[in-house]
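The values are calculated or read from the model by the stated rules, or taken from the named source; none is laboratory data. None of the values given here were measured: they were computed from a predicted structure. Reconstructed Cβ throughout: ideal geometry from the backbone, glycine too, with neighbour counts over all protein chains shown. To get the accessible areas, we keep the full protein, side chains included, count just its heavy atoms, and leave off ligands, DNA and RNA. Shrake-Rupley method; radii C 1.70, N 1.55, O 1.52, S 1.80 Å.
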Amino acid sequence: YVRSENPYDALMMFEEAERAGAAPLSLAGDRGLALDLVGDFVSAQSYYRKALTLGPNPEVTRRLAISLAISGDQKGAEAALLPLLQKQDMAAYRARAFVLAIGGDAKGAQQIADQVMPRTMASKISPYLHYMPKLTPAQQAAAANFGQFPSVAQIGKQDPRAAKYTSNIKRPAETAI
């Protein structure tokens with residue numbers, strides 16, 4: 001369900017799989033993506049980190065970096081991607097372009113796209129890189145992970161299902177220091 005861009009049903013299936021005895025860590029990377037796709041980047045990052053306790057996983061690391069960028073942690077996103085970039089992981093360069101675009105650096109994002117993508121693809125993605133900061137967190141996750149951009153009329157408009165999901169999130173209260 002996650003890979004067919006249906007995070008709502010995926011989240012229900014993850015719960016069902018755990019009740020049936022599936023190991024939560026084995027599901028953590030995809031569950032994190034489902035959570036990003038509904039706009040819950042805090043929980044998503046927790047699941048990505050759990051998945052990475054099983055060992056290095058470039059795909060999960062790229063997802064974590066994108067999620068960190070969505071939550072406004074550009075430095076964390078860059079740090080997460082650095083080992084992959086040092087290994088010349090081409091998908092990490094693509095992720096970095098989206099990390100920069102989410103952070104508002106469309107010019108930097110376009111420079112990366114121009115360097116690592118075929119010319120026609122890089123030129124087609126250019127307008128979308130400029131829109132990234134205007135998208136909702138869920139839209140940013142869909143764009144960066146699947147290349148799925150909303151129509152112009154939907155830019156920045158939260159999916160009612162995502163709004164319902166995120167309004168029901170219960171977070172522990174922060175303690176005063």
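Annotations
- Percent of Cα pairs exceeding the 16 Å cut-off, where the set is segment 1-119: 61
- When each of the peptides 86-92, 65-71 is scored by how many other beta carbons lie within 10 Å of its residues on average, the order from highest to lowest is 65-71, 86-92.
- Phi to ³J(HN,Hα) by Karplus 6.51 cos²θ - 1.76 cosθ + 1.60 over segment 81-92, Hz, x for Gly, Pro: 7, 3, x, 6, 5, 5, 8, 6, 5, 4, 5, 5
- Charge tally in the Cβ shell below 12 Å around Glu15, where Lys, Arg are +1 and Asp, Glu are -1, Glu15 excluded: -1
- Too-long pairs where the Cα-Cα distance tops 23 Å, listed order kept, from Lys50/Lys134; Lys75/Lys134; Lys75/Lys107: Lys50/Lys134
- For segment 34-128, a simple Cβ point-charge model (Lys and Arg +1, Asp and Glu -1, everything else neutral) yields a dipole of about 180 debye relative to the Cα centre.
- For segment 61-107, the fraction of 1.4 Å probe accessible surface lying on carbon and sulfur atoms is 54 percent.
- Charge context of Ala92, other residues only, Cβ under 13 angstrom, K/R +1, D/E -1: +2
- Surrounding net charge for Ile125, when Lys and Arg each add one and Asp and Glu each subtract one, Cβ distance under 12 Å: +2
- The residue among Ala142, Gln110, Thr120 whose Cα reaches farthest toward the positive pole of the charge dipole of segment 69-156, with charges on the beta-carbon of Lys, Arg, Asp and Glu, is Thr120.
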